[in-house]
Structure formats: C-alpha cells, structure tokens
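Okay, so here's the structure we're looking at.
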Amino acid sequence: AVERTLSIIKPDAVAKNVIGKIYSRFESNGLKIAAAKMKHLSRADAEGFYAVHRERPFFKDLVDFMISGPVMIQVLEGENAITKNRELMGATDPKKAEKGTIRADFAESIDANAVHGSDAPETAKVEIGYFFPGMEVYNR
Ligand code: CMP
C-alpha cells in the first residue's frame, strides 16, 4: 500500500552537506518528498519528538545531539514507504549497517547516525503530525 513516513536528516548529515545525496536515494527508490522543512529544533521540540525514549540511558545525549545544528525534516510517500525508508537507512548503529545504506555511507556513530525514520504505521502518523499539521502535506 502507499504509505507515508517521517524522515529526519540529522545535524551530522546536514553539516556534511549531503542533503541532496540523501534525497536522491529516496527519489531513485520510489519515495516522493511530500513535505519538507529545515529547522533548528529547540530542546522541547526534540524531547517531545523522542518522548518514547525518555527513560533510556541515551536520551540526554540524543537530545543534545539533535539540537546541535539544523535538521531537514520530510514526509516521504510511496509504496511500503516505512519499510523501504528503513531499508535505505540501514541499521541504527552505522557499524552494523549494510554496505550501500545511508548510515553505512554517511554516518559515524549511533548518535550521529545521519537519519531518522518512523518504525511503524502508528509512529509514522504521530511523527508526521508532530512536525507537519495536515495542510502542509501534499498528495501528488
Ligand atoms: P533514531 O532512529 O533517531 O531513534 C532514536 C535514536 O537514539 C537512534 O536513532 C540513535 O541515533 C539514538 N541512540 C543512541 N543510542 C542508542 C541505542 N543504544 N539504541 C537505540 N538508539 C540509540
């Protein structure tokens, strides 16, 4: 089915100037950009977005990293978009990510891991709503 998923290009990849290279991977693999914006997240933005991880030991470092510079936030749309985006990203830890994936090619560490992608339809819905009110996402 055609799905939507939330993708974030994290501060490390924005700083490396590879937004276009990452967009190109989405587009050449059947994912359309249905909404997009660059934003320097506030601490409250990042804590709210990652609220499910609040009790995890890595939460503080994760939030500190996500507010260390601007991020590029997009809604990706396409057939099986959630799974497809996760395949394109590779494993959360870049050291474990398969060759040719975004994280293997552009990421340095489990925190500075270049991209985020929703992990399931329910989280995609919540995450898209968090950054894009309904009117800001386009059908095409
Ligand atoms: P992301 O997909 O953005 O979701 C939560 C983030 O926490 C994850 O990518 C990693 O960048 C970061 N993180 C840091 N340590 C861990 C860990 N041990 N397990 C999972 N995620 C981690």
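For this structure, a couple of remarks:
- Yes/no for GLU47 being farther than 29 Å from ASN80 by Cβ, of a type in the set (Asp, Glu) and loosely packed, with under 12 Cβ neighbours inside 10 Å: no
- Odd one out for ALA91 among (1) of a type in the set (A, V, I, L, M); (2) within 13 Å of the ligand (Cβ to nearest atom); (3) buried (at least 20 other Cβ atoms within 10 Å of the Cβ): (3)
- No other residue among ARG103, ARG54, ARG86, ARG43 is closer than 23 Å to PRO133 by Cβ and of a type in the set (Lys, Arg) apart from ARG43.
- Here LEU62 fulfils each of the conditions (1) out of contact with any Ser or Thr (no Cβ under 9 Å at 6 or more places or on another chain); (2) more than 13 Å from the ligand (Cβ to nearest atom); (3) over 18 Å from TYR138 (Cβ atoms) apart from (2).
- Within the range 118-140, residues that are more than 19 Å from MET38 (Cα to Cα) reach partners that are part of a helix (DSSP H, G or I) with beta carbons closer than 9 Å, at six or more positions or on different chains, in the pairs ASP119/ILE82; ASP119/ARG86; ALA120/ILE82; PRO121/ILE82; THR123/VAL52; THR123/ILE82.
- The listed residue being touching a strand residue (DSSP E or B) at 6+ places or on another chain (Cβ under 7 Å), polar (S, T, N, Q) and over 15 Å from LYS10 (Cβ atoms), out of ASN85, ASN80, ASN29, ASN139: ASN80
- Residue satisfying condition, being of a type in the set (Phe, Trp, Tyr), at pLDDT 95 or above and under 20 Å from ALA15 (Cβ atoms), within set PHE65, PHE132, PHE59: PHE65
Residues checked against (1) touching a residue at least 60 places away in the same chain (Cβ under 8 Å); (2) among the basic types (Lys, Arg); (3) away from the ligand (no atom under 11 Å from the Cβ); (4) surrounded by fewer than 16 Cβ atoms within 10 Å (Cβ to Cβ):
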residue	(1), (2), (3), (4)
ASN17	no, no, yes, yes
ARG25	yes, yes, yes, no
GLY30	no, no, yes, yes
ALA36	no, no, yes, no
SER42	no, no, yes, yes
SER68	no, no, yes, no
GLU79	yes, no, yes, yes
THR101	no, no, yes, no
ASN113	yes, no, no, no
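The values are calculated or read from the model by the stated rules, or taken from the named source; none is laboratory data. Source: prediction; values computed, not measured. So basically every Cβ, Gly included, is an ideal-geometry build from the backbone, and we count neighbours across all protein chains shown.
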